[in-house]
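Q: Here it is: the structure, laid out below.
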Amino acid sequence: MGTFVSGGAKRGVYALVETEKPLSANTAAGYLRTLKVFSGWLAAEEQGYTPRHVLAGLKLPTRPKTRKEPLTQDEMGHLLAGYDLRHPIGVRDFAILLTYLGTGLRAGELTDLLLDDVRVDEGYLRVRAGKGNKTRAVNLPPEAGRAILRYRQHYRPPTAERHLFVTRSGTRLTYNAIKLVPRRARRNSGIARHHAHRLRHSFSIAALTGGMDLKTLQETLGHADTGTTSIYLSMAEQQLIAQQRKVNPLAGVVLPKAVRKPKPS
């Protein structure tokens, strides 16, 4: 007997299709977590649909720890190279992808950005609708700021809509539409390992290896605690080693001849 996985959306309806492939550990854990949360909701006092939380004792499988290397600078450049910056949609999507890469914002936070939240002159974004309803300020790199400014001043359609990113007709761009931007970039660039959350990973690792401390990164990403943020410390092995090699505590130590740096011949 096969399992069922998402078959994607067709005309706004999500369908399940049968497959003989076993579920990955991450997928199985996600499904079980959803069922456990739903079971707790059914038993909650406000609902009272079941007399008790029947899945309270369900132990979720351990997710495998996999190393996800960030996108390289060449890959980032390749992702950004395919946009027609003379076309309104190309300018808009370029600004969205550059903001993804330059700020580490979630798709939902990009969706909720208001015109007044973008302070290009001051060089930051005001994220009002972050996860957990936390408001925070996030640095806006000059490159992303210029891309947003170009879109806003010359290519954004005239509209009373307060949200920054809008459709051709001037209505607010939806969460699903924002998430489609990196998907289209992946398809057009052929970089298979690229996806929306990889952009957030890449930003986080670049921030850490560039000298940002863990507490600042936690606040930047909108994490509740540093435990969530610390996963990025193990995701940039090569980048961290390269940074570490800039400092050699043994450089000025007088060492035995056998381990001294050989003189050039």
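All of the numbers you see were taken from the coordinates with simple rules; none came from a lab. The shown structure was predicted, so the numbers you read here are calculated from the model rather than taken from an experiment. With ideal geometry, Cβ positions are generated from the backbone for all residues, glycine too; neighbour counts draw on all protein chains shown.
Q: When only alpha-carbon atoms are used, what values of Rg and Dmax, in angstrom, describe segment 90-160?
A: When restricted to the Cα atoms of segment 90-160, Rg and Dmax are 11.5, 34 Å.
Q: Under the 0.36 nm per residue contour assumption, what length would be gained going from the current alpha-carbon distance of A56 and Y155 to full extension?
A: Numbers: separation 99, 0.36 × 99 = 35.64 nm, distance 5.22 nm.
Full-extension gain reported as 30.4 nm.
Q: What FRET efficiency comes out for K134 versus H87 if R0 is 45 angstrom and r is the Cβ-Cβ distance? Round to the nearest 0.05. If you can, show how the numbers build up before the last one.
A: Numbers: r = 36 Å, r/R0 = 0.79.
Computed FRET efficiency for K134 and H87 comes out at 0.80.
Q: Give me the net charge for the shell around L173: Cβ to Cβ below 12 angstrom, other residues only, Lys and Arg +1, Asp and Glu -1.
A: Numbers: positive: R92, R156, R168, R172, K179; negative: D93, D112, E161.
Here the count lands on +2.
Q: Please find the FRET efficiency linking L80 to Y49, where r is the Cβ-Cβ separation and R0 is fixed at 35 Å, and quote it to the nearest 0.05. Can you show the working numbers first?
A: Values: r = 49 Å, r/R0 = 1.41.
E between L80 and Y49, to the nearest 0.05, is 0.10.
Q: A further question on this structure: Express in nm, to one decimal, how much length is gained between V37 and S169 on full extension, taking 0.36 nm for each residue of separation and deducting their alpha carbon distance.
A: Details: separation 132, 0.36 × 132 = 47.52 nm, distance 3.88 nm.
Gain on extension, V37 to S169, equals 43.6 nm.
Q: Next question, about the same structure. Which net charge results for the neighbourhood of R150, defined as the other residues with beta-carbon distances under 12 angstrom from its beta-carbon, given Lys and Arg at +1 and Asp and Glu at -1? Walk me through the numbers on the way to the answer.
A: Details: positive: R86, R92, R146, R152, R156; negative: E143.
Net local charge, R150 excluded: +4.
Q: Still on this structure, I have one more. Per residue of segment 87-95, what does 6.51 cos²θ - 1.76 cosθ + 1.60 with θ = phi - 60° give for ³J(HN,Hα)? Whole Hz please, x for Gly and Pro, Karplus curve as stated.
A: 10, x, 5, x, 5, 5, 5, 4, 5
Q: Can you work out the FRET efficiency for the pair D213 and L114, with r the C-beta to C-beta distance and R0 = 30 Å, to the nearest 0.05? Walk me through the numbers before you get to the answer.
A: Details: r = 29 Å, r/R0 = 0.98.
The value I calculate is 0.55.
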